[in-house]
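Q: Take this structure first; my questions come after.
Derivation of every value follows stated rules applied to the coordinates shown; laboratory data play no part. As the structure is a prediction and not an experimental result, all values here were calculated from the model. Quick reminder, even Gly has a Cβ in these numbers, built from the backbone with ideal geometry, and neighbours come from all protein chains shown.
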Amino acid sequence: MYLQKTLAKSPRWEAGTELVELITGLFLLGFLQFHLFAVSSIILGQETFNRDSQFLDEYYISYIGIPLVILAILVHGLAAMRKAPWRVEEMRIFLQHSRRLQHLDTWAWLAQILTGLGVLVLSAIHIWSTLSTWPIEAAKSALRVQSGHFSLLLALLLLAEIHAMLGLYRILVKWSWVHRQRFTKYLVYATLGLVALGFVALVVFYFTSVKV
Amino acid sequence: MAERLLTFSIFRYNPATPEIPPRMQEFQLDETPNMTLFIALNRLREEQDPSLMFDFVCRAAVCGSCGMLINGRPGLACKTLTQDLPDRITLMPLPVFKLVGDLSVDTGVWFRQLNENLEAWIHTDKEFDPRSPEERMDNTLAQEIYEAERCIECGSCIAACATANMRADFLGAAGLNRIARFLIDPRDERSPYQIFEVVGTDEGVFGCIGLMACDDICPVEIPLQQQLALVRRKMAWAGLTGK
């Protein structure tokens, strides 16, 4: 027995952290798709978009939701990072192991870590730029997309959807009763569909005429 | 079938002669019909290098001694036909386990420690009466228990697991599958929460990140995804309820 380990060992804390990662992950997954559909209302026109935005503003959904999302991103990031190979030796073991094994699910973890880090950086820029021109209006968003944010938002869309869907896949693998071969293709279709929807919304923003 | 000349690139290192550093050594061998790696390795040892170390006992995927990395993937050498492999075959010992020499690793110590940590035996206060008839068990349940019991402890799932490769104290699929067997066995009187104390940790089921290489390479095809998910659900529930 080792004193420090015996005193510090707490299965409840360790299991709790895993559940926190799971719950924040599911919350962010839900938020991401909600956000995507809300933003995609631009496809139906500027009025629809502005009406949605005003609705969220009026009922304080934005003012509760945004801080919650920022908190969830931080907590989820920290909880998820605890398992990633951060030490140089671990990193080298993981990369050599993945190269030897040539196993798609194992490579997918690397994709999950890298997209997660990408989302962390890009979402910070995205949240900052959106909040600094509050409230959200179609014209302001279109102006942002047209003045250089198109590629940033496209990258964020791709990284976030891939990360979210890989995460959902991982949750189903880890917790569900169903064999993964039975749901993998549906998750791939869903990812493609959601990315396509987001891309169309971005293109519509790009070609929305903004009265200056 | 056209005969092929196979090239084997085999990991060589003997801990007894540490002055000779680890290296890959090449051998060539003509392929014969239905040749397994078991046959190939024995021929290499008999015909080319008697110092080549590797393990075999049963030759029939039952004993689990011949696990090794075959072109990077863990598998049983006795069950692997050379005809399913390319002309060039790389053989390395399983990672995670202590190297005995060349392709031979000591899985025994690892599994013994695992079973001791998990106390992988039936815990019961009932006194055993050798003269009384065996207690009846529902057939479905008996089969579910047997499904987990089929594990031959070859160590392939452990070698295929990124977490087990990085963290020496991780139980791995073999360990979690083992505990799954006791979680569903009504004869074991341990409560799920007692098991949670050992398994509901980052070294246990919550250390698993679900990369599923174990499930994909298990030589005896135990449904490890389902087994690990079962343990995870039971452990999460035990942690939440304290029962």
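Q: Inside 10 Å of the C-beta atoms of A:102-108, what's the mean count of C-beta atoms belonging to other chains? It would help to have the intermediate numbers written out before the result.
A: Working: counts 3, 9, 4, 8, 8, 1, 3.
Other-chain Cβ atoms within 10 Å of each residue's Cβ, averaged: 5.
Q: Would you mind getting the Kirkwood hydrodynamic radius of segment B:151-231 from its Cα pairs, rounded to one decimal in Å?
A: On the way: mean 1/r = 0.0786 Å⁻¹.
Hydrodynamic radius (Kirkwood, Cα pairs) of segment B:151-231 is 12.7 Å.
Q: In addition: As I understand it, the value is the acute angle between the Cα axis of helix A:184-207 and the longest principal axis of the Cα atoms of chain A; what does it come to in degrees, rounded to 10?
A: Once rounded, one gets 30 degrees.
Q: On to the next question. Under 14 Å from the Cβ of B:Phe206, count the other residues' Cβ atoms, weight Lys and Arg +1, Asp and Glu -1, and hand me the total. Write out the running numbers ahead of the final one.
A: Working: positive: A:Lys9, A:Arg12, A:Arg82, A:Lys83, A:Arg170, A:Lys174, B:Arg167, B:Arg232, B:Arg233, B:Lys234; negative: A:Glu14, A:Glu18, A:Glu21, B:Asp169, B:Glu197, B:Asp202, B:Glu203.
Net local charge, B:Phe206 excluded: +3.
Q: Here is a follow-up. How long, wide and thick is segment B:7-70, going by the Cα atoms along their three principal axes, in whole angstroms, largest first?
A: Taking the Cα atoms of segment B:7-70, the three principal extents are 38, 28, 20 Å.
Q: For the protein assembly as shown, just give the cysteines left without a disulfide-compatible partner, judged by no other Cys Cβ under 4.7 Å.
A: B:Cys66, B:Cys78, B:Cys151, B:Cys154, B:Cys161, B:Cys208, B:Cys218
Q: Still on this model: Given +1 on the Cβ of Lys and Arg, -1 on the Cβ of Asp and Glu, and no further charges, what dipole in debye does chain B carry about its Cα centre, rounded to the nearest 20?
A: Values: 24 positive and 35 negative charges, 70 e Å.
The dipole of chain B has a size of about 340 debye.
Q: Using the reciprocal of the averaged 1/r over all distinct C-alpha pairs, how large is the Kirkwood radius of segment A:26-79 in Å? Spell out each step's value before the answer.
A: Values: mean 1/r = 0.0829 Å⁻¹.
With all distinct Cα pairs of segment A:26-79 included, I get 12.1 Å.
Q: Further question on the same structure: From zero up to wherever the largest Cα-Cα distance of segment A:137-212 sits, split into 5 Å bins and tell me the percent of pairs in each.
A: 3, 15, 20, 17, 12, 10, 8, 6, 5, 2, 1, 0
Q: Here is a follow-up. What is the Cα centroid distance between segment B:161-217 and segment B:1-34, reported in whole angstrom?
A: What the calculation gives is 35 Å, centre to centre.
Q: If you project the alpha carbons of the protein assembly as shown onto their three principal axes, what span does each projection cover, largest first, in Å?
A: That works out to 86, 62, 45 Å along the principal axes.
Q: Using only the alpha-carbon atoms, what does segment B:42-135 span along each of its principal axes? Please give whole angstrom values in decreasing order.
A: Reported extents, whole Å, longest axis first: 58, 27, 24.
Q: Right, next: If we count other beta carbons within 10 Å of each Cβ, what is the order of A:Thr6, B:Thr90, fewest first? Walk me through the numbers before you get to the answer.
A: Numbers: A:Thr6 8, B:Thr90 18.
Ranking A:Thr6, B:Thr90 by Cβ neighbours within 10 Å, fewest first, gives A:Thr6, B:Thr90.
Q: According to the Kirkwood expression over distinct Cα-Cα pairs, how big is the hydrodynamic radius of chain A, in Å? Intermediate results must be reported in sequence, preceding the final value.
A: Details: mean 1/r = 0.0519 Å⁻¹.
Mean inverse Cα-Cα distance, inverted, gives 19.3 Å.
Q: Within segment B:72-87, find all residues whose amide N lies under 16 Å from a label point positioned 7 Å from the Cα of B:Arg43 along Cα-to-beta-carbon.
A: In segment B:72-87, the label zone of B:Arg43 (backbone N under 16 Å from the point 7 Å along Cα→Cβ) covers B:78-87.
Q: Also, I was wondering about something else. How about segment A:42-92: which trypsin sites (Lys or Arg not before Pro) there lie in a loop by DSSP and see at most 13 other Cβ atoms within 10 Å? Don't skip to the end; give the middle numbers.
A: Values: sites: A:Arg51, A:Arg82, A:Lys83, A:Arg87, A:Arg92; in loops: A:Arg82, A:Lys83, A:Arg87.
Filter output for segment A:42-92: A:Arg82, A:Arg87.
Q: Could I ask something else about it? Work through the residues other than B:Phe170 whose Cβ is under 9 Å from its Cβ and net out their charges, Lys, Arg +1 and Asp, Glu -1. Mind dumping the intermediate values first?
A: Numbers: positive: B:Arg167; negative: B:Asp169, B:Asp202, B:Glu203.
Charge balance in the 9 Å sphere: -2.
Q: Something else now. In what order do B:Cys157, B:Cys58 fall by count of nearby beta-carbon atoms within 10 Å, going from fewest to most? Walk me through the numbers on the way to the answer.
A: On the way: B:Cys157 27, B:Cys58 14.
Final ranking by Cβ density, sparse to dense: B:Cys58, B:Cys157.
Q: Let me ask you something else. Quick check: pseudo-label points 7 Å beyond the Cα along Cα→Cβ at B:Val220 and B:Lys79, how many nm apart are they?
A: Here the modelled spin labels are 0.9 nm apart.
Q: Ignore the peptide's own chain and count Cβ atoms of other chains within 10 Å of each Cβ in B:187-198; give me the average, rounded.
A: Details: counts 0, 0, 0, 0, 0, 0, 1, 0, 0, 3, 4, 1.
What the average comes to for B:187-198 is 1.
Q: Grab every C-alpha pair in chain B, bin the distances at 5 angstrom width from 0 up to the longest one, and report whole percents.
A: Taking all Cα pairs of chain B, the binned fractions are 1, 6, 12, 16, 16, 13, 11, 9, 7, 5, 3, 1, 0 percent.
Q: Neighbour counts of other C-beta atoms within 10 Å: give me A:Ser141, B:Ser132, B:Ser9, B:Ser51 arranged from fewest to most. Write down the numbers at each step before the final one.
A: On the way: A:Ser141 24, B:Ser132 7, B:Ser9 14, B:Ser51 10.
Fewest-to-most Cβ neighbours within 10 Å comes out as B:Ser132, B:Ser51, B:Ser9, A:Ser141.
Q: Further question on the same structure: Along Cα→Cβ, 7 Å out, is where each label goes; now give me the distance between the ones at A:Tyr63 and A:Phe37 in nm to one decimal.
A: 2.6 nm
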